[in-house]
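Rule-based calculations on the coordinates, nothing more; no lab input. Every value quoted in this text rests on a predicted model; they were computed, and no experiment measured them. Note: ideal-geometry Cβ built from the backbone for every residue, glycine included; neighbour counts use all protein chains shown.
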Amino acid sequence: MSNAPDRVGVLIVDDEPGIRQGLQRVLDPMGYRVVSAENGRQALDLVSREAVSIVLLDLQLPDVNGMEILRAICRDYPHMVVIIITGFATVQAAAEAMRSGAYDLLPKPFEPDQLRIAINRASEKMFLEKEARLLQQEKLRTLADLSLEKSRTHTIIDALPIGVLVTNANGEGVLFNPTFARYMGLPPTATAGGPLKDYIEDEGLRRLTQEFSQGCHIGTDDSPTYEFNFGEDKYLFARGRPVMDEQGQCVGAVVTIVDITAMKVLDRLKREFVAKVSHELRSPLSTIHEQLAVVLSDLVGQVSPADEHLLSRAKEKTQGLIALIGDLLDLSRIESGIVCEAPRAVQLEELLENIISFLNTKAAIKNQTIHILRPAAHVPPVKADPLALESIFGNLITNAIHYTPEGGRIEIRLKPFDAHLEVEVRDTGIGIEARHLEKIFERFYRVKNEQTRRIDGTGLGLPIVKGLIEALDGRIEVTSTPGAGSTFKVVLPIDRAP
């Protein structure tokens with residue numbers, strides 16, 4: 001579909017001049033009117049002043065996180081179509097972008113033809129949505145009325161590049177497009193009007209669609225989404241929304257389905273690459289680290305202080321790289337669903353005492369104290385993998401030591417409940433500002449300020465902790481006051497076995 005005569009406005013948001021120029025060279029011959037921004041604030045200013053219909057948005061911007069720009073555009077300009085262009089494409093990023101309102105995602109690097117296809121699809125979606133809004137303005141009262149407008153509605157739905165299923169309040173499928181039929185493996189003879197089981201084989205998606213059709217999740221800012229696989233090599237992502245009539249009654253739902261197989265494959269290849277490189281690097285780095293230790297011990301007093309300092313720094317850096325590789329391998333195992341061993345009953349008090357005994361030497365160097373505050377009631381065992389628990393609480397207590405000044409206090413408080421056990425790790429450290437709390441569990445994210453710049457770390461400890469806790473059917477929460485300390489609360493299921 002060509003929109004050259006309409007001079008559709010396209011905004012390119014990327015901090016790399018070469019990418020902005022390359023994208024403009026592709027779009028200019030297609031007849032689009034192109035404007036560009038090098039950062040997030042400039043982008044928000046341009047969308048407020050320029051007649052822009054499509055946005056090509058990079059997630060890694062120098063001033064504002066790309067996800068924040070995406071949410072702002074989708075909130076303030078709901079008819080604007082946003083295509084994410086990023087070199088850090090993962091399934092999590094794709095799912096978050098889709099939930100936030102992105103239409104498509106192009107992982108860098110991509111070919112000009114891929115860009116042309118995505119832009120043309122975005123233009124087609126924009127004009128089809130405009131047509132759909134015109135239909136809505138004609139006051140079609142129910143989804144049954146939509147089914148009578150076959151010549152127009154079917155053209156709109158059938159042309160969409162994503163799967164679409166429309167249901168009525170009884171959960172019956174009243175309309176679906178060819179893309180949906182292809183995703184669900186429906187036969188060519190399949191027709192609308194039947195129950196959901198005739199169209200959706202996956203039980204979880206069928207249940208979620210029924211909930212939308214019956215008016216559940218109305219008024220929620222973040223509607224539930226669903227990811228599932230169809231066959232062995234196809235991964236799909238679904239989202240839905242209840243449809244309301246003029247009286248505010250739910251008359252059905254619309255469910256859209258996107259194929260994310262390419263993103264899944266890309267994510268798997270990245271994990272395999274990380275694991276392969278990590279295995280290949282860890283052995284030689286360990287050898288170098290051991291040799292540096294031997295050299296330092298054998299040359300005590302025989303080299304100048306400057307040379308000894310250089311050798312010591314080299315030894316520290318190799319140890320840091322070995323730790324980083326270990327963290328990357330842990331993340332790879334967590335993402336693959338491998339969490340050491342099967343969960344079993346673990347007495348957490350004893351495990352925490354062993355961890356504290358091991359870390360007390362590090363705390364003593366900073367004149368810190370570590371205490372376990374036990375409840376009056378008996379603390380039942382938790383159902384978990386002990387190796388995972390050691391990694392979880394070892395990381396949390398080590399962080400508390402690192403980010404607590406000399407003379408500080410660290411407390412581990414246990415609170416048993418009927419079905420779960422809460423463990424709080426409290427410190428009197430430097431604390432975390434509120435704007436960082438939602439990001440500290442992201443990979444490689446570190447709070448950078450004057451107080452933390454001398455503290456070494458990879459930014460992978462907390463993502464590993466969160467991944468392990470979720471794999472054990474638990475959860476983690478954090479509260480913090482800058483200058484007063486932080487509290488990390490871990491909730492784990494209690495072992496109910498006799």
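Give the shape of segment 140-259 as rounded, prolate or oblate, defined through the alpha-carbon gyration tensor: a ≥ b ≥ c are the square roots of its eigenvalues, a/c under 1.5 means rounded, and otherwise the shape is prolate if a/b is larger than b/c and oblate if not. Verdict is oblate for segment 140-259. In this structure, the pairs whose alpha-carbon distance is over 20 Å, taken from Lys362/Lys415; Lys383/Lys466; Lys415/Lys489; Lys362/Lys383; Lys125/Lys264, are Lys362/Lys415; Lys362/Lys383; Lys125/Lys264.
Segment 344-493 gives an Rg/Rh value of 0.94, both radii derived from C-alpha positions and Rh following Kirkwood. Descending by average beta-carbon neighbour count within 10 Å, the peptides 390-403, 18-31, 477-490 line up as 390-403, 477-490, 18-31, the highest first. Amide H neighbours of Arg344 under 5 Å, at least 5 residues apart or on other chains, H built in the peptide plane: list them. Amide H neighbours of Arg344: Ala384, Asp385. For the pair Ser304 and Ile117, the difference between a 0.36 nm per residue extended length and the Cα-Cα distance amounts to 60.9 nm. Rg(Cα) of segment 4-129 divided by 2.2 N^0.38 Å? Rounded to two decimals, the normalised Rg is 0.94. Here segment 344-493 is treated with +1 on each Lys and Arg Cβ and -1 on each Asp and Glu Cβ, and its dipole about the Cα centre works out to around 380 debye. Taking a Cβ cut-off of under 15 Å around Gly185, the surrounding Lys, Arg, Asp and Glu residues balance to a net charge of -2, with basic ones at +1 and acidic ones at -1.
Taking 0.36 nm per residue of separation and subtracting the current Cα-Cα distance, fully stretching the chain between Arg41 and Leu373 would add 114.7 nm. Where the centroid of each part is defined by its Cα atoms, how far is segment 456-494 from segment 74-115 in Å? Spelled out, the Cα-based centre of one part sits 29 Å from the other.
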